[in-house]
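Enquirer: Here it is: the structure, laid out below.
The numbers here are math on the coordinates, done by the rules we state, and not lab data. None of the values given here were measured: they were computed from a predicted structure. All Cβ positions, even for glycine, are placed from backbone atoms using ideal geometry, and neighbour counts span all protein chains on display.
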Amino acid sequence: MPEIHVLFILFLRSYKRMKILIVEDNDRLRKSLLDYLRDEGFATDAAADGEEGLYKAMNWDYDALILDVMMPVMDGFEVLKKLRGAGRTMPVLMLTARTPLADRLRGLDGGADDYIKKPFEMEELVARVRSAIRRTGGSPNPMLEVGPIKLNTAARTATVNSHPVELTAREYALLEILAMRRDEVVSRDFIYERLFDERDETQSNMLEVYVYKLRQKFGREHIITRRGMGYQLTA
């Protein structure tokens, strides 16, 4: 096996390749958010009104929800109320052009994790999403270690014995998903749900291709196939 010494310097901004739902009725802003978050390596879906957003949030697993306040059919406050009433606990970041303190308190008291005023910088939004997921996931420490492999999710870097190699965003995303659950068997369905979004054409061999590429760079002994179950990252 070739000697492997890896440092990833990546443009991926997520804590893992998070799956995000954007609920925003403004077509231009919704598309801008989708394009930006996908370029940053997020698996991202979208809805154009509160009713559609509620349906998706109730029927698929998301790591975070970006929720506009003022929307047709059902506003963001009502979506939030129904989600929390149904026991859905994903972080919710509310977007609004409205500034009254009463509105912000209503959102936060209703279970929102953060409140972002329009207009905003995309970089700040991504940082707040990442921070909310770290808090609700109970992992404020940005360091992940699996034997010689170390990931700093805040700095977006990782090392294996402190030496560098480059990974694509999806290769890194897969590695981080596995590292978050070190020594556990992670099912193929779970990985597919986090690694791909509704825009992707999910081919049956796509996951195997990314696993193969990681093994080329890390060695087979760190990424184990559990037949019929999934994959496991081990020291």
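Enquirer: Step through the residues of the stretch 22-30 one at a time and calculate ³J(HN,Hα) from phi using the Karplus curve (6.51 cos²θ - 1.76 cosθ + 1.60, θ = phi - 60°), rounding each to whole Hz and writing x for Gly and Pro.
Expert: Using θ = phi - 60°, the values come out as 9, 10, 8, 7, 6, 4, 5, 5, 4 Hz.
Enquirer: Where a ≥ b ≥ c are the square roots of the eigenvalues of the C-alpha gyration tensor, would you call the stretch 19-136 rounded, which needs a/c under 1.5, or, failing that, prolate if a/b is larger than b/c, or oblate?
Expert: rounded
Enquirer: Take GLU221 and LEU105, extend 7 Å from each Cα along the Cα→Cβ direction, and tell me the distance between the two endpoints in nm.
Expert: Placing both labels 7 Å along Cα→Cβ, they lie 6.1 nm apart.
Enquirer: Let me ask you something else. So how far apart, in nm, are the two label points at HIS163 and ASP61 if each is 7 Å from Cα heading toward Cβ?
Expert: 3.7 nm
Enquirer: Could you size up the charge dipole of the stretch 19-136 around its Cα centre, putting +1 on the beta carbon of Lys and Arg and -1 on that of Asp and Glu, and report it in debye to the nearest 20?
Expert: Charge dipole of the stretch 19-136: 360 debye, to the nearest 20.
Enquirer: Rank the residues LEU80, LEU178, LEU108 as a footprinting-exposure proxy: fewest other Cβ atoms within 10 Å of their Cβ go first.
Expert: Ranking LEU80, LEU178, LEU108 by Cβ neighbours within 10 Å, fewest first, gives LEU108, LEU80, LEU178.
Enquirer: With θ taken as phi - 60° and the coefficients 6.51, -1.76 and 1.60, list the Karplus ³J(HN,Hα) couplings across the stretch 31-43 in order, rounded to whole Hz; mark glycine and proline as x.
Expert: Listing the rounded values in order: 5, 4, 5, 4, 4, 5, 5, 5, 4, 7, x, 7, 7 Hz.
Enquirer: If you rank MET70, MET58 by fewest surrounding Cβ atoms within 10 Å, what's the result? Working shown, then result.
Expert: On the way: MET70 15, MET58 12.
Final ranking by Cβ density, sparse to dense: MET58, MET70.
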